[in-house]
Every structure is written in structure tokens, then in C-alpha cells.
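Working notes, structure below.
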Amino acid sequence: MAFSNEQLERYSRHIILKEIGVKGQKRLSQGRVLIIGAGGLGSPAALYLAAAGVGVIGIADADTVDISNLQRQVIHTTPDVGKAKVESARETMEAINPDIKVNAYKTFVSADNILALIADYDFVIDGTDNFAAKFLINDACVIARKPFSHAGIIRFKGQLMTYVPGEGLCYRCVFKNPPPPDAVPTCRQAGVIGAMGGVIGSLQAMEAVKFIAGAGKLLTGSLLTYDALSMEFRKVKLPARRDCAVCGEHPSITKPFDYAAAVCEVL
Amino acid sequence: MKLIIAGVQKEYQDGLTVAELIKVENVETPMYVSVSLNDEFVKSGEYDETVLRDDDVVEFLYFMGGGR
Ligand SMILES: [Zn+2]
């Protein structure tokens, strides 16, 4: 497949980068990324991946757009209120870039659908808002040997890490099990500054682009934390964990399972 | 003794345990924080008996649930 003149023009700022070039841009156009959650993190991630010309972008979310989403979920607009988030997201992405194909899945992820959903993709972005989903995505990606970006945001803080099979820890290595419902504050209870999704979701898109284009080093084996109030980023090296229940030497978790009810269902 | 907590070196009283450090540092949701000590995870049941020493490097890893 050769790029048209219009595509060469569209992606010229990528192609001029020696780490991307025509080769990297071709990889992007053949790349497939699944974004789980079309909200605070998923919105900016989806916008940048669409603009970057990632060939197939899947987006999964069962919710409809609510006016309280618009403070941070920048892929949706005021006329989208009431519309399925995945449809609203698809329209925006297709308007940005007609080169790409968007697969919209109007569903929440569960143990029943997660393996089938991620199977078609090269890289997964966790843009969910609850620990049950975050552990489910981690376990499924470890079991299916699928690279993914984990992230969380709350108040003025955010953090993320990247999992690549065989290259360092998974999310469960660090956090073992989800906290009980309401033990740890969620966005709805605690609030979140809108631009935090933009910072952290864009970093997730960055990891996906680097992975697909084969550029640079990924955020494996470390957790990158960001505190907006002190304006500090820290890359915290994570210790190894050999006895992890899902990625360890003798895993006890060999298929995805659902934890009880989500903590922060409607944001 | 000196400890390096989240990248910052500070002075603490000798003999401090991980459990006491969690209190001193006012860690939010202390029951649900992961602790790394000199590049090893401290088992959650061992915070009381893990005594910190001069120059130890501690990181607190927090659950962060939001995203949508
Ligand atoms: Zn693990």
C-alpha cells in the first residue's frame, strides 16, 4: 500500500521524524488499537490515535453522553448529550481522519466478552474508571499476551504504566487485588480536574503510537505519576514480583473473571 | 536516620517501621497502599515488623481508580 499525496501531506509531520518516517507511518496505518472507555482518558487517546492514522481503532463503552462528562471528555460535544458515547466518539474520529476505521462496541467489558474484544487488536488502552474493570483488563491482557496501557486519574493526580508480555510487571504485580468498594475515593466522589484526562490519556496514546511504530522505549517496569498541583512528574521504578497471581511463575488466575459491581459507574 | 521517601530525603527517628512511616507520612488510604522498599515489595502483612534503616529508599504506590 502506498500513501496518496493527500496522506503524505496529512502525515508529513510524522514522516519527517526519523523515529517514524514512511515506515513507521505505514505501521501506524496497519495498526489496531482498542480503547476501553470513551471518557476522560479514552477521549484524548482516541482523538490522537485517529489523527495519527492508526488503521483500526476499537472503542468500547456502554454509556451515553451526560452533560457532566463534557468538562473532560473532549471527544463529545454538547449536541451529543444522550447519544451513545461510542457513536459520538466514532463520529468525531471519522471527522478528524477518514483514513481510519472505527469499531464501536456499545458494551462494558466483562469476563464474557473481554478476550474476544482484545483478540483483534495489537495494543489496548485502559480508559476505565473502576478497579473491577482495570483488574479484568490486566488479567485478560496478561493471559492473551497483549500489550496494554494502564492509567488512573483522580483530583489533580494521574498515573500510568505499560505492560508488554515478558518485559516487566503487570498491574496486579503492583496492586494485587482491588480495594473493597468505596475504600478508595473515585472520581465521582472526589472530582478530577478536566485536563488530567488530557495529560494522561495523551500519554497512553503516545505509548500506543510508540509501540506500533516501533519507536523509543515504553513505560514498562515503571509507574509514571503526575501531580498537577506541584507540577511534578515522577517515574517510579517498580520492583519485580515473581509470585504474581496472573503473570507469575505459577499463576492461579488462568482466565478472566469479574469482580463485584463497579465502584464509579456514572461519571 | 535518613530515608528517601518518594524521591525526597528526609530525617526520621531511628527504628521506625513501615507501619509507623505510613502514619508519619499521612498516607491516604493506608490499608490499600503498596510499599516498595529498596526495590522490593513489602508484603502487606509485614508493615509492623519491617524496621527501616538509614538510607532506605521507600516508594508508596497508590490505587488510582478514575478514568472516565
Ligand atoms: Zn503480574
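Each value in this text was obtained by applying a stated rule to the coordinates, not by laboratory testing. Predicted model only: the values in this text are computed from it and were never measured. Please note: Cβ atoms are built from the backbone with ideal geometry, for glycine as well, and neighbour counts cover all protein chains shown.
Can you tell me the alpha carbon radius of gyration of the range A:131-202 divided by the globular rule-of-thumb value 2.2 N^0.38 Å?
Dividing the Cα Rg of the range A:131-202 by 2.2 N^0.38 Å gives 1.17.
Would you tell me the mean number of C-beta atoms belonging to other protein chains that fall within 10 Å of each C-beta in B:56-63, as a whole number? Please list the in-between numbers first.
Working: counts 0, 1, 0, 7, 1, 9, 8, 12.
For peptide B:56-63, the averaged partner shielding equals 5.
Could you state the number of Å between the C-alpha centres of the range A:190-216 and the range A:113-155?
After rounding, the separation between the Cα centres reads 14 Å.
Name the residues whose placed amide hydrogens come within less than 5 Å of the amide hydrogen of B:Thr17, ignoring near sequence neighbours (fewer than 5 apart) on the same chain.
When sequence neighbours closer than 5 places are left aside, the close amide H contacts are B:Leu52.
With each pseudo-label sitting 7 Å past Cα toward Cβ, what's the A:Lys237-A:Gln71 distance in nm, one decimal?
Label-label distance for A:Lys237 and A:Gln71, simple model: 3.9 nm.
What area, in nm² and to one decimal, does the C-alpha convex hull of the range A:31-237 cast on average over all directions?
So the mean shadow area of the Cα hull is 10.8 nm².
Under 20 Å Cα-Cα from A:Lys26, which aspartates and glutamates qualify once same-chain neighbours fewer than 8 residues away are excluded?
Excluding near neighbours in sequence, the set is A:Glu6, A:Glu9, A:Glu94, A:Asp99, A:Asp120, A:Asp122, A:Glu207.
How many percent of DSSP beta bridges within chain B run antiparallel, rounded to 5?
Working: 12 of 15 bridges.
Here the antiparallel bridges make up roughly 80 percent for chain B.
Relative contact order of chain A, please, whole-number percent, based on alpha carbon pairs below 8 angstrom and at least 6 residues apart.
Relative contact order of chain A: 21 percent.
Only sites in a loop by DSSP and with at most 14 other Cβ atoms within 10 Å count here; which trypsin sites (Lys or Arg not before Pro) in the range A:166-228 make the cut?
A:Lys217
Averaged across the residues of B:31-44, what count of C-beta atoms belonging to other chains lies within 10 Å of each residue's C-beta?
Counting Cβ atoms of other protein chains within 10 Å of each residue's Cβ and averaging gives 4.
Out of the DSSP beta bridges found with both residues in the range A:116-240, what percent are antiparallel (nearest 5)?
85
Which percentage, to the nearest 5, of the DSSP beta bridges contained in chain A is antiparallel?
So the antiparallel bridges in chain A amount to around 50 percent.
Where does the charge balance sit around B:Lys2 when Lys and Arg score +1, Asp and Glu -1, over other residues with C-beta under 9 Å from its C-beta?
-3
Which loop trypsin sites (Lys or Arg not before Pro) in the range A:37-117, with loop taken from DSSP, have no more than 16 other Cβ atoms within 10 angstrom of their Cβ?
Filter output for the range A:37-117: A:Lys83, A:Lys106.
Percent of Cα-Cα pairs per 10 Å bin, from 0 to the last occupied bin, for chain B, please list those.
In order of increasing distance, the bins hold 20, 58, 17, 4, 0 percent.
Could you work out, residue by residue across A:83-93, how many beta carbons of other chains sit within 10 Å of that residue's beta carbon, and then give the average as an integer?
Mean partner-chain Cβ count within 10 Å for A:83-93: 0.
Would you please state which residues of the range A:141-171 a label at A:Gln30 would reach in this model, taking the label point 7 Å out along Cα→Cβ and a backbone N cut-off of under 15 Å?
Within reach of a label on A:Gln30: no residues.
What number, in percent, do you get for the relative contact order of the range A:150-267 if the mean sequence gap of Cα pairs under 8 Å and at least 6 apart is divided by its residue count? Show your work: numbers first, answer last.
Working: 157 pairs, mean separation 39.4, N = 118.
Here the relative contact order equals 33 percent.
Between the range A:46-103 and the range B:15-68, what is the C-alpha centre distance in whole Å?
Spelled out, the Cα-based centre of one part sits 39 Å from the other.
Along the Cα→Cβ direction, 7 angstrom out, place labels at A:Ala119 and A:Lys255. What is the inter-label distance in nm?
1.4
List the trypsin sites (Lys or Arg not before Pro) in the range A:8-69 that DSSP assigns to loop (not H, G, I, E or B) and whose Cβ has at most 15 other Cβ atoms within 10 Å. Which are they?
A:Lys18
To make sure I understand the rule: partners must be aspartates and glutamates, Cα under 20 Å from the Cα of B:Lys23, and not fewer than 8 residues away in the same chain. Which ones qualify?
B:Glu11, B:Asp14, B:Glu46, B:Asp48, B:Glu49, B:Asp54, B:Asp55, B:Asp56, B:Glu59
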